[in-house]
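Structure record follows, encoded as structure tokens.
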């Protein structure tokens, strides 16, 4: 059985009786790499008071989803030293998940943090599992290594396990400094068919060899998406839907559309809302994987409005293609009933079939 220890240090401020102080608890859970580990972790979390730090040490074999209670932080001692691996045939919906996601509530969880862990989905012996499913506001997931997940590596969602939607918002968090590789679907998936998950920061992540998109955001409104490095993806590098005062900057996409499946694939696909302006600057998008499929179309940076009169700045991006006629460097187009104004300046585009395509409902503005 895993060993559970609870260490609490009580320090009273000057002039305050010790009995009046309630310091956070530090709860240490030690892995045994046996089927008892998941139950031990869940029991420790269930017994933890709000404000606790739950610390994982060693290797854990996971055969039930770890229920993350809100108002706590969760951390390994190091990514290399703390590994949670899914047991053969467990087929969990998620390795770690917010309790409110599992309980199908209509409200988001309160803040939490998850740090310094390796999550191994054991994809060869399992199906459907996501690594971390987060359904909490003002929360942080950082310094994680997420590998071999049958489904998404990291999913931030407004839906519950049974598809129940939020009646609250879920804003103001950060996903950062993670290495996510060999996910069965998206490396990072922001799942939000409504309008709940806005105003987060997504930065400094490495995303490799996803099954679909590197980063897929149903809702990019108010987001800062910066300095992410994406490679080995068969579909879109970054799919960003519903930009609204969004910043997409300094991302490095080595390749995209690396699949035998025909389609229209984008290094960055930005779908812009008409009420505010957004910026797409300083990204580096390349075709190192080759524009492989003769039936596919490759758009290195594509911008289109979702509704109304959209406004976006596209500047300082560097694009170098694979040298076929199937590719477009900058693709600006608007469907009927919508317009798009783009301040498009200072972009370097090379080795693509069409350097820039401008649709009939698109206006190129000079800026000031």
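Read-outs: derived from the displayed coordinates by stated rules, not from any lab. None of the values given here were measured: they were computed from a predicted structure. Here the Cβ is made from the backbone with ideal geometry for all residues, glycine too, and neighbour counts use every protein chain on show.
Calculate the spin-label point distance for residue 162 paired with residue 365, positioning each point 7 Å from the Cα along the beta-carbon direction, and give it in nanometres. My value for the distance between the label points is 4.8 nm.
Using square roots of five times the C-alpha gyration tensor eigenvalues, list the equivalent-ellipsoid semi-axes of segment 105-152 in whole Å, biggest first. Rounded to whole Å, the semi-axes are 23, 15, 5.
Divide by every residue of the chain the summed helix terms, -39500 (n - 2.57) for each DSSP H run of at least 4, and state the resulting mean residue ellipticity at 222 nm, rounded to the nearest 500 deg cm²/dmol.
-1000 deg cm²/dmol, from helical runs alone.
From the Cα gyration tensor of segment 237-368, with a ≥ b ≥ c the square roots of its eigenvalues, which class applies: rounded if a/c is under 1.5, or else prolate if a/b is larger than b/c, or else oblate? Prolate. Here r is the Cβ-Cβ distance between residue 357 and residue 169 and R0 is 41 Å; the resulting FRET efficiency, rounded to 0.05, is 0.65. For the peptides 110-117, 265-272, residues were scored by their other Cβ atoms within 10 Å and the scores averaged per peptide; the highest-first order is 265-272, 110-117. Between 0 and 90 degrees, the angle of helix 37-47 with respect to the longest Cα principal axis of the chain falls at about 80 degrees. Explain nothing, just the number: relative contact order of segment 1-219, from Cα pairs under 8 Å at least 6 residues apart, as a whole percent. RCO, segment 1-219: 13 percent. With the Cα gyration tensor of segment 111-181 giving a ≥ b ≥ c as the square roots of its eigenvalues, does the rule (a/c under 1.5 for rounded; else a/b larger than b/c for prolate; else oblate) give rounded, prolate or oblate? Cα axes put segment 111-181 in the oblate bin.
Computed over the Cα atoms of the chain, the ratio of the radius of gyration to the Kirkwood radius (Rg/Rh) comes to 1.04. Per-residue extension of 0.36 nm, minus the Cα-Cα distance of residue 47 and residue 275, leaves a gain of 77.4 nm for this segment.
Computed over the chain, relative contact order equals 8 percent, with contacts defined as Cα pairs under 8 Å that lie 6+ residues apart. Using the Cβ-Cβ distance between residue 103 and residue 34 with R0 set to 30 Å, the FRET efficiency from 1/(1 + (r/R0)^6) comes to roughly 0.65.
Here the contact order of segment 220-368, divided by its residue count and restricted to Cα pairs under 8 Å and six or more residues apart, works out to 19 percent.
Distance between the modelled labels on residue 125 and residue 350, one decimal in nanometres: 4.8 nm (7 Å Cα→Cβ projection).
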